[in-house]
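Reviewing the structure listed below.
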Ligand code: RB5
């Protein structure tokens, strides 16, 4: 199950992502927003990231206008490694090397064609482990410093 969320700036892109996931038969839960009315992206980052951390959803996809605000908010949630991506290589390597569990994109900065490629590679690429696990553990230590 994939958790989806956006503010108004990422709403249109989230609709495209839903169509793509439908076409692939990938299950998702849409945590909103559900209209283009102005709203606050941290609320949707929280809903999606809580679902990922609790295990209800295995990964999350978040969109706002630039992808920046919602990625900053997502990375405040303990256990979340959110990657703001606008190129294929980053979307692939953030899975291989960072074990990112949320991808963030900007609905006003990239088009749907590229965004769907990023979602596709992000969802289908495994974590490589090995030396990268040690680095993830160091990130977790930083997170636990309080
Ligand atoms: C909303 O206008 C916009 O600020 C938001 O979608 C996002 O780009 C913030 O980082």
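So in the range 47-84, with the set limited to residues that are part of a loop (DSSP other than H, G, I, E, B) and under 15 Å from residue 14 (Cβ atoms), which one is farthest from the ligand (Cβ to nearest atom)? Outline the logic, then answer.
Here is the first cut: in the range 47-84, the residues part of a loop (DSSP other than H, G, I, E, B) are 55-58, 65-67, 75-81.
When the remaining residues are screened for being under 15 Å from residue 14 (Cβ atoms), the result is 57, 65-67.
Working: 57: 22, 65: 3, 66: 4, 67: 7 Å.
The residue in question is 57.
Taking the range 20-60 as the region of interest, how many residues are in contact with a helix residue (DSSP H, G or I) (Cβ under 9 Å, 6 or more places away or on another chain), under 14 Å from residue 120 (Cα atoms) and surrounded by fewer than 21 Cβ atoms within 10 Å (Cβ to Cβ)?
Result for the range 20-60: 7.
Which pairs do you get when a residue that is under 15 Å from residue 61 (Cα atoms) and touching a residue at least 60 places away in the same chain (Cβ under 8 Å), found in the range 107-134, comes within reach of a residue that is assigned to a loop (DSSP other than H, G, I, E, B) and more than 16 Å from the ligand (Cβ to nearest atom), reach meaning Cβ atoms under 8 angstrom, with the pair 6+ apart or on two chains?
122/100; 123/26
With respect to residue 100, is the statement that it is without any contact (Cβ under 8 Å) to a residue 24 or more places away in the chain and in contact with a helix residue (DSSP H, G or I) (Cβ under 6 Å, 6 or more places away or on another chain) true? Lay out the reasoning, then the answer.
Details: without any contact (Cβ under 8 Å) to a residue 24 or more places away in the chain: yes; in contact with a helix residue (DSSP H, G or I) (Cβ under 6 Å, 6 or more places away or on another chain): yes.
Yes: the conditions hold for residue 100.
Readers should treat all values here as calculations from the given coordinates under stated rules, not as data from a laboratory. Because the structure is predicted, anything quoted here is derived from the model rather than measured. With ideal geometry, Cβ positions are generated from the backbone for all residues, glycine too; neighbour counts draw on all protein chains shown.
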